[in-house]
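Colleague: I have a structure I would like to understand better, so I am pasting it below and will then ask my questions one at a time.
The values are calculated or read from the model by the stated rules, or taken from the named source; none is laboratory data. Note that the structure is predicted; figures quoted are calculated from it, not measured. Cβ: placed from backbone, ideal geometry, glycine included. Neighbour counts: every protein chain shown. For the accessible areas, the whole protein counts, side chains as well, though only heavy atoms, and no ligand, DNA or RNA atoms are used. Shrake-Rupley method; radii C 1.70, N 1.55, O 1.52, S 1.80 Å.
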Amino acid sequence: MEQKISLRTNLQLGIYRVIDPVVKILIKVGLTPNAVTSIGFVLNVGVAAIFILGAEEGNRGDLRYVGWAGGLILFAGLFDMLDGQVARLGNMKSTFGALYDSVLDRYSELIMFLGICYYLVGHHYFISSIAAFIALIGSMMVSYVRARAEGLGVEVKGGLMQRPERVVTIGVCALASGIVAQYIGGNYKLFVPGIKFHIFEPISIFTFPLVLLAVLTNITAFNRLREAKKALIKQEEEGL
C-alpha cells in the first residue's frame with residue numbers, strides 16, 4: 001500500500017514540475033485560484049455540450065464527438081491541478097478557495113456524466129448509460145464519504161478511483177474511442193464464430209471502462225467507509 005501511495009505521489013510531483021512554468025504565467029497574468037477553478041468548470045460544461053450535440057446531431061457510428069469530448073475532459077482536468085498550484089505558488093490559499101474547488105469539482109463531474117448519459121441514451125446504449133449512472137453514484141459517494149468522515153475528525157483518502165484517476169480514465173478512453181473509429185469506422189463490429197452478438201465495436205473502448213468505473217468507484221466508497229468505521233471506533237475507544 002505504501003508503495004502505491006509513493007508511486008502516485010511521485011507521479012503527481014512529476015506533473016507539478018511540468019506544469020509549474022504554466023502556473024507561474026497564470027499568476028503573472030493575475031488569475032486567482034478561484035478563476036482557474038471556474039475555467040475548469042466552464043470547460044466541463046463544454047464537455048457536456050459536445051456529448052449532447054453528438055446525441056442530437058451525430059449518428060451512432062460517428063464517434064468524433066466522443067473523441068473531442070475526451071480531449072476536452074483531459075484539458076479541463078489539467079485545471080484541477082493548476083488551481084491548487086496557483087494557490088500554493090502564488091501564496092493565495094484560502095479556506096473558501098478549498099471549499100469552492102471541492103464544490104465546483106462535484107458540479108463538473110455531475111455535468112460531465114450528464115453529457116455522457118445523454119449521449120449514450122440518445123444512441124440507444126442503454127446498458128452503458130446505466131453503467132455511467134452507477135459510476136456517477138460511485139464517484140459522488142467516494143467524495144462524500146471522505147468529506148463526511150473529515151467532518152467527524154477522520155481522514156480517509158485511499159482508493160483506486162479518486163478524481164484524477166476517474167478523469168484520466170474517462171478522458172483517455174473517450175479520446176481513444178474517437179481516434180480508433182476514424183481508422184476502422186465507427187460502425188465496425190467484431191464477431192466471434194459461435195457467438196450471435198458482436199463482442200467489440202469502437203464505442204466499446206469508451207463504454208467498457210465506464211462499467212469498470214461503476215464497479216471500482218463504489219468499491220472505493222465502501223472501502224473508505226470501512227476505514228472510517230475503524231478509525232471512528234478507535235477514536236471512541238481512546239476517548240473512553
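Colleague: Report the convex hull volume per residue for the stretch 171-234, counting only C-alpha atoms, in Å³. Numbers along the way, then the final one.
Modeller: Values: hull volume 6.0 nm³, N = 64.
Dividing the Cα hull volume of the stretch 171-234 by its residues yields 93 Å³.
Colleague: Normalized C-alpha radius of gyration of the stretch 18-98, against 2.2 N^0.38 Å?
Modeller: Normalised Rg, Cα atoms only: 1.34.
Colleague: Could you calculate the FRET efficiency of Lys157 with Phe75 from 1/(1 + (r/R0)^6), where r is the beta carbon distance between them and R0 is 30 Å, rounded to 0.05? Intermediate results must be reported in sequence, preceding the final value.
Modeller: On the way: r = 26 Å, r/R0 = 0.85.
E between Lys157 and Phe75, to the nearest 0.05, is 0.70.
Colleague: So, one more: For the stretch 106-240, what is Rg from Cα atoms divided by 2.2 N^0.38 Å, rounded to two decimals?
Modeller: Relative to the rule-of-thumb radius for its length, the stretch 106-240 sits at 1.32.
Colleague: Something else now. Using the eigenvalues of the Cα gyration tensor, what equivalent ellipsoid semi-axes result for the chain when each is taken as the square root of five times the eigenvalue, whole Å, largest first?
Modeller: That gives 34, 24, 16 Å for the three semi-axes.
Colleague: Give me the accessible area of Arg146, 1.4 Å probe, in Å² rounded to the nearest 10.
Modeller: Using a 1.4 Å probe on the heavy atoms, I get roughly 80 Å².
Colleague: Scaled to the compact-protein estimate 2.2 N^0.38 Å, what is the alpha-carbon radius of gyration of the stretch 137-205, rounded to two decimal places? List each step's numbers first, then the result.
Modeller: On the way: Rg = 18.7 Å, N = 69, 2.2 N^0.38 = 11.0 Å.
So the Cα radius of gyration is 1.70 times the expected 2.2 N^0.38 Å.
Colleague: Past the 21 Å Cα-Cα mark, which pairs from Lys93/Lys234; Lys24/Lys157; Lys157/Lys230; Lys157/Lys229?
Modeller: Lys93/Lys234; Lys24/Lys157
Colleague: Enumerate the calculated ³J(HN,Hα) couplings along the stretch 216-231 in order (Karplus 6.51 cos²θ - 1.76 cosθ + 1.60, θ = phi - 60°), each rounded to whole Hz, writing x wherever the residue is Gly or Pro.
Modeller: 5, 5, 6, 5, 4, 4, 5, 5, 5, 4, 5, 5, 5, 4, 4, 5
Colleague: Within 10 Å, count the other beta carbons around each residue, average over each peptide in 33-42, 222-231, and list them highest first.
Modeller: Details: 33-42: 19.2, 222-231: 16.0.
In decreasing order of mean packing, 33-42, 222-231 become 33-42, 222-231.
Colleague: Sorted by packing (mean other beta-carbon atoms within 10 Å per residue), highest first, where do 205-218, 124-137 land?
Modeller: Working: 205-218: 21.0, 124-137: 18.4.
Put in order of decreasing packing, that is 205-218, 124-137.
Colleague: In percent, what relative contact order does the stretch 1-143 have, based on Cα pairs under 8 Å that are 6 or more apart in sequence?
Modeller: On the way: 128 pairs, mean separation 45.7, N = 143.
Dividing the mean separation by the residue count of the stretch 1-143 yields 32 percent.
Colleague: In Å², what does the accessible area per residue of the chain work out to with a 1.4 Å probe?
Modeller: 57
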